[in-house]
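One structure is given below, encoded as structure tokens.
The values are calculated or read from the model by the stated rules, or taken from the named source; none is laboratory data. Everything numeric here is computed off the predicted structure, so don't read it as measured data. Positions of Cβ are generated from backbone atoms using ideal geometry, with glycine treated the same way; all protein chains shown enter the neighbour counts. Each accessible area value is taken on the protein alone, full model and side chains, heavy atoms only, with ligands, DNA and RNA left out. Shrake-Rupley method; radii C 1.70, N 1.55, O 1.52, S 1.80 Å.
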Amino acid sequence: MLSKKTKYGLKALTFLACQKDKQPVQIAGIAAHENISQKFLESILLTLRKTGILGSKKGKGGGYYLIKDPSEILMTDVMRVLEGPIAMVPCVSLNFYEKCDDCPDENKCAVNKLMLQVRDNTLKVFRNNTLADLIN
């Protein structure tokens, strides 16, 4: 299930991507428009800023803004930043692989085979969608 953190992060990113002038937007404005707790949104936007998806400007006229064009922001990047590993189990993760303690042979494991398919199809969707796709 998608976490609220990721859901709200996607809503905030799409809101920023829809801004015509691409000027910084204050957290309060995003939170009010998207019906998100301002304090919770602040931590989400800070995470997105630290990973290079957003920029911020302090002071009068300050706020958060997209660093890249929405067409350059892949959903794989956003999902990994906000949600963590895309794979549902660690034994099929590309970036966070761990062998399962209860599995003697991954090659014979039915769960592993199913989760590889889930991971691959999920990655296909995320890799083929950008922030621009969400606003069009």
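Condition check: in a loop (DSSP other than H, G, I, E, B) and either at pLDDT 95 or above or open to solvent by 70 Å² or more (accessible area, probe 1.4 Å) (or both). Does LYS113 satisfy that? Before the answer, list the steps.
Numbers: in a loop (DSSP other than H, G, I, E, B): no; either at pLDDT 95 or above or open to solvent by 70 Å² or more (accessible area, probe 1.4 Å) (or both): yes.
No, not satisfied.
For segment 70-126, taking the residues that are in contact (Cβ under 8 Å) with a residue 24 or more places away in the chain and charged (D, E, K, R), the one that is nearest to ASN136 (Cα to Cα) is identified as GLU72.
When segment 62-78 is examined, which residues are found to be of a type in the set (A, V, I, L, M, F, W, C) and either under 14 Å from the mean Cα position of the chain (by Cα) or closer than 16 Å to LYS124 by Cα (or both)? LEU66, ILE73, LEU74, MET75, VAL78, listed by residue number.
Screening VAL78 on (1) out of contact with any Gly (no Cβ under 8 Å at 6 or more places or on another chain); (2) under 30 Å from ARG119 (Cβ atoms) shows it passes everything except condition (1).
Within segment 62-75, being crowded, with 18+ Cβ neighbours inside 10 Å and in a helix (DSSP H, G or I) holds for PRO70, MET75.
Of the residues that make up segment 22-44, is at least one in a helix (DSSP H, G or I), under 13 Å from the mean Cα position of the chain (by Cα), of a type outside the set (Val, Ile, Thr) and over 30 Å from ASN112 (Cα atoms)? For segment 22-44, residues in a helix (DSSP H, G or I), under 13 Å from the mean Cα position of the chain (by Cα), of a type outside the set (Val, Ile, Thr) and over 30 Å from ASN112 (Cα atoms): absent.
Go through segment 45-56 residue by residue and tally those that are part of a helix (DSSP H, G or I) and open to solvent by less than 30 Å² (accessible area, probe 1.4 Å). Total satisfying the criteria: 2. Taken over segment 6-32, the criterion of being farther than 18 Å from LEU131 by Cα and either of a type in the set (A, V, I, L, M, F, W, C) or touching a helix residue (DSSP H, G or I) at 6+ places or on another chain (Cβ under 6 Å) (or both) is satisfied by ILE27, ALA28, ALA31, ALA32.
Being part of a loop (DSSP other than H, G, I, E, B) and either more than 24 Å from ASN136 (Cα to Cα) or not aliphatic (A, V, I, L, M) (or both), is that true of even one residue in segment 6-15?
no
When GLY59 is tested against (1) over 20 Å from the mean Cα position of the chain (by Cα); (2) surrounded by 12 or more Cβ atoms within 10 Å (Cβ to Cβ); (3) of a type in the set (Gly, Ala, Ser), only condition (2) is not met. Assess whether LYS4 counts as being open to solvent by 90 Å² or more (accessible area, probe 1.4 Å) and either within 30 Å of VAL118 (Cα to Cα) or small (Gly, Ala, Ser) (or both). The answer is yes for LYS4.
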